[in-house]
Each structure stands twice: as structure tokens, then as C-alpha cells.
1. When the Kirkwood radius is taken over all Cα pairs of region A:82-161, what Stokes-Einstein diffusion coefficient follows at 4 °C and 1.567 mPa s, in µm²/s?
2. Going by the alpha-carbon gyration tensor, a ≥ b ≥ c the square roots of its eigenvalues, is the protein assembly as shown rounded (a/c under 1.5) or, if a/c is not under 1.5, prolate (a/b greater than b/c) versus oblate?
3. Hey, any idea what the orientation-averaged projected area of the convex hull of region B:191-233's Cα atoms comes to, in nm²?
4. Which of the aspartates and glutamates could a cross-linker span from residue A:189 if the Cα-Cα distance has to be under 17 Å and same-chain partners fewer than 8 positions apart are dropped?
5. Under the rule a/c < 1.5 gives rounded, and otherwise a/b versus b/c splits prolate from oblate, where does region A:124-240 land using the Cα gyration tensor?
6. Just to be sure I follow the definition: excluding the sites themselves, where is the longest run in chain A that has none of the trypsin sites (Lys or Arg not before Pro) in a DSSP loop with at most 16 other Cβ atoms within 10 Å?
7. Could you work out how far apart the two model spin labels at residue A:124 and residue B:229 are, taking each label as a point 7 Å from the Cα in the direction of the beta carbon, and quote it in nm?
8. Which GluC sites (Glu not before Pro) from region B:14-70 combine a DSSP loop assignment with at most 10 other Cβ atoms within 10 Å?
Amino acid sequence: MIESITILTGHGKKGGTEGVERIDFKMGDVVSIVGPTGSGKTTLINDIELFADGTTPTGRRVLINGMPPPAEYRDNPACNPIALITQHTTFLSDLPVNEFLRTHARIRSQSPVDGDGLVRQTLDFANQLTGEPIIPTSQMTELSGGQTRALLIADATIICNTPIVLLDEVENAGIHRTRALELLRRYRKIFIFVTHDPRIALLSDYRIIMQQGRITDVLYANDEERECSVKVSQLDDLLTRMRDKLRFGERLTIEELEGVL
Amino acid sequence: MKLLICAGPATTGKTAVLRHMIRKLLAKNLRSAFLKIDVQYAEEDEIFAREFGIPTKKVYSGELCPDHCNVMVLGDALRWADAEGCQVLMVETAGLCLRCSPYVDGGLGIVVLEATSGMNLPLKVGPMLSLADIAVVTKIDRVSQAEREVFRSRIQDVAPQVRIREVNALYGIGIDPLVASVEAFPDAGENLLLRGNPPVGTCTICVGKKEIGWQAHFGVVRALENQVFYRGE
Ligand SMILES: Nc1ncnc2c1ncn2[C@@H]1O[C@H](COP(=O)(O)OP(=O)(O)O)[C@@H](O)[C@H]1O
Ligand SMILES: [Mg+2]
């Protein structure tokens, strides 16, 4: 059983220790990583996914339940407690979607699985996130950016179904972001979001601040921010509604802003 | 002398992987000699000589296939590395024809494949993969985690006994276990043998017969509608 995951911090791009010595993520935590482009956000979640042992360029170490993780986490996908949704918006795999997913379901599981059932569930999940349904027989390489991201999220949730999920900028690339958050938060896991999105950042229990490859600080949400969070979500919904109207050729009215602004 | 033979398709990152290994071995006071076998162009030897000050050599296989060339020169190369006072001999080879493999009993065999090369690659590279000790998968940051895992399973399906190591050769992530495997491997003995069975048959093209059509050839031949058969004595 995974209860916690710990980062023992290392150093930034120009050397210099990080702003905190360690961060402990507890089961159920929802965390954001924020910082400008190039500040090392992706590098940080890659460290976690690689179970860094001091040999990556950052010198960080990762512990699971306070201990160095066993080698099988890395060597056997069926034992890996981490699913990582990368920033990739294209697949390079020359396989049809259903064959790819069936293979992934087989190797991510420790016992025989109902492959076809899982593939169906995964596609159902993905199709709730993308406007353009994914056809199971199409090639992975043919999927659009939005379909790719939707499939990555669905695969991580349904097929990997791991206690730890890392997500790199899910807000980009044309998926229903609010729907994704809603679906994801039905599960009790450790969620770590790399994000530029105020809504996601404010929905988190705490956020990790990054600059020039260093973790500079960890900020916990306070009461005032929790209040902001409600407003920000309303604003965000408003913008989403307006965006959809514009996309479907409708006109906007001033009334729509009432109650929010 | 520890012997390491590293094969893999062009541009997969063999040199980048070996560079990190040479550096990490040097840090442990283990000096490598480096031999590059290629068909017609290579400069890795000069780069490594400049970068690490280690003894290096290259051999252009020319008329021979690279694996054949490897068999010819490897005995001399081991003596050369020893005379240079090295503890490890690293051989990097293009291993091009995919019917045989360059690995020998007595040396660690490493194949380098890139995660970006498509899911059918493991099915296509034959004994270069299946006779290796370790398959190193490079460019792992270029694909999603899911694709990396499916690629791993495609390798495992063809070569269940080969250990798989994923590395990021750009930043040297995942190299330590490879170095440990070299250190743990027994020293290369005197009478080395090529691993696995070389393909049967003499290549009549290699001996200079240019005529098109199996009727002009002997040994193991094949017609369009038939499986291979034997023609001649
Ligand atoms: N602690 C560090 N030490 C050395 N290099 C780092 C460190 N953190 C990040 N980098 C490098 O900085 C670059 C940008 O980092 P990246 O994680 O992609 O940023 P972001 O995801 O925030 O845009 C990468 O090339 C990465 O390797
Ligand atoms: Mg990034």
C-alpha cells in the first residue's frame, strides 16, 4: 500500500540548494507545480516518475513510504505505482488504438484482465474529454492533439489506475478540462498537476513554486484563496461558456457577466 | 579484460550511451579502450580519444560485413587493449545485416534501440536483439510513458530473457546499472566464440556472382514462390 511519496530536494540549474529540504505527498493530496516556462516543472515530475536516486541532473531523491523504492517499480510496469501524463500531443506508435490499449492493459496488470472491457472503458472516458470521438481502429499516429491528450488521461486513469498520477499541463491541447478534473477527482490518489491554470492551482491543497530549476517554496492554500477559488471557478466556467458560444457562431450579451463580474 | 560489444541501428544513441559509461568507469579507475567498427564512415574514435584521452581505434569493414569484420579483429583488439593498460574493451558496431549478431560468449552484449523507432522494430532486428544480454532503450523522454511501456513489452515478447534498461542518454539518466553490469561480467577468456548460430549458406553475391535469378547461384537459394532450398553439392 502506498501511503506517501517523498522528494528529498537537490539543486537548481545553477547549483544552489532548493528552498525546502523535503516534500512529503500523502495519499489523497492534490498538488500543483507552478512556475514560468523553463523553470523545471517537467524535470521535477520526471524525477518523480524515474524514482530519482541522486543520479539525475537535479540530484533529487524519491522515497516511497519513506524508503527507497524497489527496483521492480521501474522494471515491471505492472508494479509501477505512478502514471505520468506527459506533455506529448502526438503518439509515435505505429499501432491501432485498440491494439495499443490492449497491450498496455495486459502489461499494467498483475493478473489476467478483461482487455476488451478495459479498452472500451478507456475509450468511453477519453471520448468524454474530446469533441472528436476516437475510432478504435485508427492508428495512434493519426490522433489529433486533443485526442492524444484525452487518451493519455484515460489510459492513466482506467488502465494504469495507479495511486499516484502526475499530469503535465493538462489544460493545453483542446480537451474539456473541467470535465477532466471532475472525472479525475472521483478517485482517491495523489494528484500532482504541472499547471499554468489558476483554477487548477487554486483547487490544490498546496502548490510547489519553481524558478530556474529550483523548488523555491511550498505554499498552502489559505482561507482567502479558498474563497478566491470559488470565484475563479465561476469566472472560468463563464469564459468556457462564452468561448463555446463564439465557436458556434452565437452572439454574447452583457447579462451573461452578471453575478460573476 | 572486460569486453563489451554494443550494437544497434544507426543514430539510436550508441555513442551517447558509451560516452556516459566510459566517463563513469573512469571515475571508478577503470580505463576503457574503444574500438569502432563501421562500414564506411565513423569519427567516434577521434571524439573519445580527445574527450577522455583513452586509446581508440576504428576499422572500416569495407568488403566484409561489420559482424564478420568484428570476428576477424576482436582477438587482436583484446591484446591491443591489454597492451594499452586498459581494463575494459568497448566495441561499437553497426551490426547491419540483421541475420547474425556481433556478440561473443565472454563479453557483455548490449543492443541500443530508441523508443521512438516504432512498435515493430523489436520484431525486425533479429539476433542483434534476441542474443543480447541487455537492451538499452534511448530517447525515452520523446514518447509518453504508455508508449515506453508498450515498447518495452514488444521487446520482451521477442526476447524474454534480455534485460531491458531505459536511459536518457542526453542527461546520462539510467547509466549506472549498465556500468554495474560491465563490472559484474566475468573477464573475457582466451577462446572466444561467436554467440548463437550464424546463418547457413554461403553468399554467392559476396563471392562475386552478379547474375540475377536463383538458377545462376548455388548453396542456399530461393525462388519467389518457394521457401529456401539447397542447390549444389
Ligand atoms: N535542477 C536542474 N538542474 C539542471 N537542469 C535543470 C534543472 N531543472 C531543469 N533543468 C533543465 O532546464 C530545462 C527546462 O526545464 P523544464 O523542466 O522543461 O521546464 P518547464 O517544464 O518548467 O518548462 C531542461 O532542459 C531541464 O533539463
Ligand atoms: Mg514543461
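1. Working: Rh = 12.4 Å.
For these conditions, the coefficient is 105 µm²/s.
2. Working: a/c = 2.67, a/b = 1.70, b/c = 1.57.
It comes out prolate by the Cα gyration axes.
3. Values: hull surface 18.1 nm².
The orientation-averaged projected area of the Cα hull of region B:191-233 comes to 4.5 nm².
4. Correct list for residue A:189: A:3, A:24, A:29, A:49, A:155, A:168, A:205.
5. On the way: a/c = 2.01, a/b = 1.63, b/c = 1.23.
It comes out prolate by the Cα gyration axes.
6. Values: sites that count: A:13, A:14, A:185, A:186, A:188, A:251.
That gives A:15-184 as the longest site-free run.
7. Placing both labels 7 Å beyond Cα along the Cβ direction yields 5.7 nm.
8. Details: sites: B:43, B:44, B:46, B:51, B:63; in loops: B:43, B:63.
Sparse-neighbourhood loop GluC sites (Glu not before Pro): B:63.
All of the numbers you see were taken from the coordinates with simple rules; none came from a lab. No experiment lies behind these values; they were computed from the predicted model shown. Neighbour counts run over all protein chains shown; Cβ positions are idealised from the backbone, glycine included.
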